[in-house]
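Below: one structure, written as structure tokens.
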Amino acid sequence: MGKPCVAVIGGYSVPEQSMGLLAEAIDGLYRVDDVRTISFRNGLQDPDRLRRVAKGAVVIGHSAAMLALDEAQLGHTIKLKGLMTVDGAEPMSVPRLVRGGMRITSNEKRIMKLRSTPSGVRAAMSEQSAAAQREVLRHPSFHARVMPRIARLSSVRSVTMAHGIRRLDGQNLPAVCLKFDNSEFGFQASGQDALDAQAEGVRLDTVGGDPNRVTHNALLWNPYHVLGMLGVQRIGLERRDRLPI
């Protein structure tokens, strides 16, 4: 059996150039054939490209990524090898989403000022934050239109549906939904969504850790640390024998 490909779908306001460090970390930590990335906006606007990126891959979706995955109807149209959401969005009001985004900005400014924050992490955080601001400023109408759709999104329900479709097709699709204790959004699965997911065989987990190292966007600017906490072996990724220093 060959090494898997990994497809990473970014979250709201994350451009593809901000996903390079994460792709590098996945390739460095795990035995993979290839790491493909696509941004949230590109995935929504070009579902055919998203299907090509995700086809036959272990898919990792961050934040609102499941909205793009849903609209491309991946569970119905192509075969996946595994599916994991990382702090995926759950239903909440648009004002709460906006406040969560403001908390991200405030929290990351605080973390960047800490003497304990490594210079490499500080630089990656600063670069990712600036790129996200440019993304929203360059495509304001898109991001304004999509926000109400994110507010209605249930990542857990979306993963459960994709897992159920693949199970009915005779595939045993590993599926995991992860939430962060320290997320600025406080995303949590609702009671019924959680019950449905567990009944379907979808794993629901919460990741804790240092609040200065594991936050909603930490997968982008501190990927080596965060990936080690996610248990991605459950979706078919195998650690390399020799890890990057």
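About its Cα centre, how strong a charge dipole does the stretch 130-245 have in debye, to the nearest 20, once Lys and Arg get +1 and Asp and Glu get -1 at the Cβ?
Computed about the Cα centre, the dipole is about 360 debye.
Please identify the longest segment of the chain free of exposed trypsin sites (Lys or Arg not before Pro), where exposed means a DSSP state other than H, G, I, E or B and no more than 13 other Cβ atoms within 10 Å.
Longest site-free region, per DSSP loop and neighbour criteria: 153-239.
Which pairs break 28 Å Cα to Cα here: 109/179; 55/179; 81/109?
Those over the limit are 81/109.
Please work out whether the stretch 35-85 counts as rounded, prolate or oblate from its C-alpha gyration tensor, where a ≥ b ≥ c are the square roots of the eigenvalues and a/c under 1.5 means rounded, while otherwise a/b larger than b/c means prolate and anything else oblate?
rounded
What net charge is computed for the residues neighbouring residue 192, neighbours being all others with C-beta under 13 Å from the C-beta of residue 192, Lys and Arg scored +1, Asp and Glu -1?
Result for the neighbourhood of residue 192: -3.
What would the Debye equation give as log₁₀ I(q)/I(0) for the chain at q = 0.08 Å⁻¹, counting only Cα atoms as equal point scatterers?
-0.27
Net charge near residue 95, counting Lys/Arg +1 and Asp/Glu -1 over other residues with Cβ under 15 Å of its Cβ?
For residues surrounding residue 95, the net value is +3.
By the gyration tensor of its Cα atoms, with a ≥ b ≥ c the square roots of the eigenvalues, what is the shape of the stretch 113-184: rounded for a/c under 1.5, prolate for a/b over b/c, or oblate?
Since a/c reaches 1.5 but b/c is at least a/b, the shape of the stretch 113-184 is classed as oblate.
Could you give the dipole magnitude of the stretch 1-114 about its Cα centre, charging the beta-carbon of Lys and Arg +1 and that of Asp and Glu -1, in debye to the nearest 20?
220
Please compute the net charge surrounding residue 118, taking Lys and Arg as +1 and Asp and Glu as -1 over other residues with Cβ under 13 Å from its Cβ.
Surrounding charge for residue 118 is +2.
Would you please give the residues with an amide H less than 5 Å from that of residue 206, counting only those at least 5 places away or on a separate chain, with H modeled from the backbone geometry?
For residue 206, whose amide H was placed from the backbone, the distant partners under 5 Å are 179.
Considering only 123, 175, 194, give the residue with the highest GNM mean-square fluctuation for the chain, with springs between Cα atoms whenever their separation is below 10 Å.
Maximum fluctuation in the GNM of the chain, among the listed residues, is at 123.
Let me know the shape class of the stretch 1-114, please: from the alpha-carbon gyration tensor, a ≥ b ≥ c as square roots of the eigenvalues, rounded when a/c is under 1.5, otherwise prolate if a/b is greater than b/c, or oblate.
Verdict is oblate for the stretch 1-114.
Report, in deg cm²/dmol and to the nearest 500, the calculated mean residue ellipticity at 222 nm for the chain, where each DSSP H run with n ≥ 4 adds -39500 (n - 2.57) and the sum is divided by the residue count.
So the calculated ellipticity at 222 nm is -15000 deg cm²/dmol.
Can you grab the distance from the C-alpha centre of the stretch 73-92 to the C-alpha centre of the stretch 195-211, Å, no decimals?
So the two Cα centres are separated by 14 Å.
Between 151, 101, 206, whose Cα lies farthest towards the positive end of the dipole of the chain when Lys and Arg beta carbons carry +1 and Asp and Glu beta carbons carry -1, centred on the Cα centre?
101
A short reminder: the numbers here are calculations on the coordinates, not readings from a lab. These numbers were taken from a predicted model, which means no experiment stands behind them. Note: ideal-geometry Cβ built from the backbone for every residue, glycine included; neighbour counts use all protein chains shown.
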